[in-house]
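**Student:** Submitted below is the structure of interest, expressed as structure tokens.
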Amino acid sequence: MILVTGGAGFIGSNFVLDWLADPAAEGVVNLDALTYAGNLANLASLKDDPRHVFVHGDITDRALIDRLLATHRPRALVHFAAESHVDRSIHGPGAFMRTNVDGTFTLLEAARAFWGTLEGAEKAAFRFHHVSTDEVYGSLKPSDPPFAETNPYEPNSPYSASKAASDHLVRAWHHTYGLPVVTTNCSNNYGPYHFPEKLIPLMIVNALAGKPLPVYGDGQQIRDWLYVKDHCSAIRAVLAGGRLGETYNIGGWNEQANIDIVNIVCSLLDELQPDPAGPYARLITYVTDRPGHDRRYAIDARKIERELGWRPAETFATGIRKTVAWYLANREWVAEVQSGSYRDWLARNYGGRVADPA
Ligand code: NAD
Ligand code: DAU
């Protein structure tokens, strides 16, 4: 078995689905607290697959983690569980400290105790794979080279600070205790099952509902977008062949300004689901910027390419077309996640932002 945390969220569920798509794959124990971002509907296709064991629980629950490790004796722990949305971290940082920092600490301590009981080949094979973000490196200027693994950490938001803290804990548990860890720092993902609080799915669902498309500030902030299944294949590559104690940056060499992303989404919707009221881009509305908004992220992915031969399978053109088509084909999934608590979030995050003629 492998133990996955956060496997009902966006990237975690894509990872579990891809992993179990291989009939020869080891089983997955999937531990998830099912916060607003966790959704068992993402895993519906696994309901009759005995290789998938879902456990509803919290990564800060040490007794539960100890029990899962002792019972299933996983050969790896792949840690996705986190509070992941920057805007939510600005409104309420506490949950980010609890899950991202305390939760990672709890998992490291439980993994250390379990690993200490292993011997021989089982001990040598064990891995703790920590899934992290490029946001720990801070913000780039237009002329800066992309983030390499050697860049200093300069996190700017409560979210990225909590992820940076967790990365440091993982590093220290390797350095001090010898725990066999690998860390990956990935750029912005997009694809199926992406919760519509994040830029790309929010723009798709708002456009289809005829609602404004809120672009923060001048819309010239740059992100480096990677199709989620390419992130999953990179994690598999690092889990299989990454060097212990090392970090690997993952990205698609695909820097795009937010406003360009929104226009691409609008053009695809114009083609695939035309709106009789006119082009979707008419809904673009510039609004008050995110406080402390990082201007540019970009990933230098040469280390994982060189050492592990990993390459993304999708270009942005193919990945974004698949993504828009997925949202059009999965309206029920979208309707289900737009529950009462989702509407409360929209009011909290967008209610106070004034339209800004950038
Ligand atoms: P997500 O918010 O979609 O999912 C997070 C999952 O973790 C949810 O299923 C949630 O229920 C679960 N969870 C939250 N708190 C928990 C707790 N205390 N105990 C157990 N489960 C808990 O996040 P995502 O976008 O899938 O991100 C997954 C990981 O990848 C995170 O660690 C994130 O920092 C990292 N990451 C995300 C991106 C991205 O673009 N989304 C890019 C790079 C790295
Ligand atoms: O870089 C990796 C990170 O990417 C992950 O670690 C995070 O978990 C993930 O949420 C993502 O963070 P961002 O803050 O970059 O993603 P988000 O989708 O929230 O925003 C992308 C950009 O779009 C960012 O510059 C803010 C802007 N934006 C976002 C929203 C939700 C808007 O202009 N309008 C919006 O309504």
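**Student:** All but one of (1) away from ligand 1 (no atom under 13 Å from the Cβ); (2) closer than 18 Å to residue 174 by Cβ; (3) among the hydrophobic types (A, V, I, L, M, F, W, C) hold for residue 101; which doesn't?
**Tutor:** (1)
**Student:** Residue 174 - would you say it is more than 14 Å from ligand 2 (Cβ to nearest atom), touching a Gly at 6+ places or on another chain (Cβ under 6 Å) and modelled with pLDDT of 95 or more?
**Tutor:** On the way: more than 14 Å from ligand 2 (Cβ to nearest atom): yes; touching a Gly at 6+ places or on another chain (Cβ under 6 Å): yes; modelled with pLDDT of 95 or more: yes.
Yes; evaluated as a whole, the condition is true for this residue.
**Student:** Out of the residues in segment 259-289 that are in contact with an Asp or Glu (Cβ under 7 Å, 6 or more places away or on another chain) and open to solvent by less than 40 Å² (accessible area, probe 1.4 Å), state the one that is nearest to ligand 1 (Cβ to nearest atom). Quick ask: steps written out before the conclusion?
**Tutor:** Residues of segment 259-289 that are in contact with an Asp or Glu (Cβ under 7 Å, 6 or more places away or on another chain), as a first pass: 279-280, 286-288.
Checking the rest, the ones that are also open to solvent by less than 40 Å² (accessible area, probe 1.4 Å) come to 280, 287.
Values: 280: 23, 287: 21 Å.
Residue satisfying both the conditions and the ranking: 287.
**Student:** Still on this model: Give segment 39-62 a look and list any residue that's near ligand 1 (Cβ under 9 Å from one of its atoms) and open to solvent by less than 60 Å² (accessible area, probe 1.4 Å), or say none.
**Tutor:** Passing the criteria: 39, 42, 57, 58, 59, 60.
**Student:** From 132, 166, grab the single residue that is modelled with pLDDT of 95 or more, within 14 Å of ligand 2 (Cβ to nearest atom), not in a helix (DSSP H, G or I) and not basic (Lys, Arg). Explain how you work it out, then say what you get.
**Tutor:** On the way: 166 fails: not in a helix (DSSP H, G or I).
It is 132.
**Student:** Kindly provide the set of residues from segment 177-196 that are open to solvent by less than 40 Å² (accessible area, probe 1.4 Å) and either more than 13 Å from ligand 1 (Cβ to nearest atom) or modelled with pLDDT under 95 (or both), ordered by number.
**Tutor:** Answer for segment 177-196, where residues must be open to solvent by less than 40 Å² (accessible area, probe 1.4 Å) and either more than 13 Å from ligand 1 (Cβ to nearest atom) or modelled with pLDDT under 95 (or both): 178, 179, 180, 181, 182.
Yes/no per residue for (1) within 16 Å of ligand 2 (Cβ to nearest atom); (2) at pLDDT 95 or above; (3) not in a loop (DSSP other than H, G, I, E, B):
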site: 14; (1), (2), (3): yes, yes, yes
site: 18; (1), (2), (3): no, yes, yes
site: 30; (1), (2), (3): no, yes, yes
site: 37; (1), (2), (3): yes, yes, no
site: 42; (1), (2), (3): no, yes, yes
site: 67; (1), (2), (3): no, yes, yes
site: 83; (1), (2), (3): yes, yes, no
site: 87; (1), (2), (3): yes, yes, yes
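**Student:** When you scan segment 197-212, how many residues do you find that are within 11 Å of ligand 1 (Cβ to nearest atom) and not in a helix (DSSP H, G or I)? Write out each step before concluding.
**Tutor:** First, the residues of segment 197-212 that are within 11 Å of ligand 1 (Cβ to nearest atom): 197-201.
Adding the requirement that they be not in a helix (DSSP H, G or I) leaves 197-198.
Residues flagged as within 11 Å of ligand 1 (Cβ to nearest atom) and not in a helix (DSSP H, G or I) within segment 197-212 amount to 2.
**Student:** Inspect all residues belonging to segment 106-122 and state whether any of them is within 11 Å of ligand 1 (Cβ to nearest atom), closer than 21 Å to residue 39 by Cβ, modelled with pLDDT of 95 or more and touching a Lys or Arg at 6+ places or on another chain (Cβ under 8 Å). Write out each step before concluding.
**Tutor:** Narrowing segment 106-122 to residues within 11 Å of ligand 1 (Cβ to nearest atom): 106-107.
Checking which are closer than 21 Å to residue 39 by Cβ leaves us with none.
No, because not a single residue in segment 106-122 is within 11 Å of ligand 1 (Cβ to nearest atom), closer than 21 Å to residue 39 by Cβ, modelled with pLDDT of 95 or more and touching a Lys or Arg at 6+ places or on another chain (Cβ under 8 Å).
**Student:** So, in segment 12-38, how many residues would count as being open to solvent by 50 Å² or more (accessible area, probe 1.4 Å), within 7 Å of ligand 1 (Cβ to nearest atom) and over 23 Å from residue 67 (Cα atoms)? Before you say what the answer is, go through the steps one by one.
**Tutor:** Going residue by residue through segment 12-38, those that are open to solvent by 50 Å² or more (accessible area, probe 1.4 Å) are 21-24, 26, 34-36.
Now narrow it down to the ones that are within 7 Å of ligand 1 (Cβ to nearest atom): 34-35.
Within this subset, residues satisfying the condition of being over 23 Å from residue 67 (Cα atoms) are none.
Total satisfying the criteria: 0.
**Student:** Also, quick follow-up: If I filter segment 290-303 down to residues being near ligand 2 (Cβ under 10 Å from one of its atoms) and of a type in the set (Lys, Arg), which single residue comes out as surrounded by the most Cβ atoms within 10 Å (Cβ to Cβ)?
**Tutor:** Within segment 290-303, the match that is surrounded by the most Cβ atoms within 10 Å (Cβ to Cβ) is 296.
**Student:** Residue check: is residue 150 within 23 Å of the chain's Cα centre (by Cα), part of a loop (DSSP other than H, G, I, E, B) and more than 16 Å from ligand 2 (Cβ to nearest atom)?
**Tutor:** Working: within 23 Å of the chain's Cα centre (by Cα): yes; part of a loop (DSSP other than H, G, I, E, B): yes; more than 16 Å from ligand 2 (Cβ to nearest atom): yes.
In short, yes.
**Student:** Among the residues of segment 116-168, which ones are open to solvent by 40 Å² or more (accessible area, probe 1.4 Å) and touching a Leu at 6+ places or on another chain (Cβ under 7 Å)?
**Tutor:** 127
**Student:** Continuing with this model, one more query. So, in segment 224-258, of the ones that are hydrophobic (A, V, I, L, M, F, W, C) and open to solvent by 20 Å² or more (accessible area, probe 1.4 Å), which residue ends up nearest to residue 306 (Cα to Cα)?
**Tutor:** 237
**Student:** Under 6 Å between Cβ atoms, at least 6 apart or on separate chains: pull out the pairs that start in segment 222-235 with a residue that is hydrophobic (A, V, I, L, M, F, W, C) and end on any residue that is within 9 Å of ligand 1 (Cβ to nearest atom) and open to solvent by 20 Å² or more (accessible area, probe 1.4 Å).
**Tutor:** 225/188; 228/11
**Student:** When residues of segment 1-11 are filtered for being buried (at least 24 other Cβ atoms within 10 Å of the Cβ) and either without any contact (Cβ under 8 Å) to a residue 60 or more places away in the chain or assigned to a strand (DSSP E or B) (or both), how many remain? Give the derivation first.
**Tutor:** Residues of segment 1-11 that are buried (at least 24 other Cβ atoms within 10 Å of the Cβ), as a first pass: 3-10.
Next cut, either without any contact (Cβ under 8 Å) to a residue 60 or more places away in the chain or assigned to a strand (DSSP E or B) (or both) only: 3-5, 8.
Going through segment 1-11 one residue at a time, the tally reaches 4.
**Student:** Here's a check for you: in segment 339-357, which residue that is more than 15 Å from ligand 2 (Cβ to nearest atom) and open to solvent by less than 60 Å² (accessible area, probe 1.4 Å) is nearest to the chain's Cα centre (by Cα)?
**Tutor:** Out of the qualifying residues, it is 339.
**Student:** So, residue 198, is that one of a type in the set (Lys, Arg), under 18 Å from residue 355 (Cβ atoms) and out of contact with any Asp or Glu (no Cβ under 8 Å at 6 or more places or on another chain) or not? Full working, then the answer.
**Tutor:** Working: of a type in the set (Lys, Arg): yes; under 18 Å from residue 355 (Cβ atoms): no; out of contact with any Asp or Glu (no Cβ under 8 Å at 6 or more places or on another chain): yes.
Judged against the criteria, residue 198 is not a match.
The values are calculated or read from the model by the stated rules, or taken from the named source; none is laboratory data. Just so it is clear, the model here is predicted, and its values are computed rather than measured. A quick note on method: Cβ atoms are made from the backbone with ideal geometry, for glycine too, and the neighbour counts reach across all protein chains shown. Surface accessibility is based on the protein's heavy atoms, side chains included, excluding ligands, DNA and RNA. Shrake-Rupley method; radii C 1.70, N 1.55, O 1.52, S 1.80 Å.
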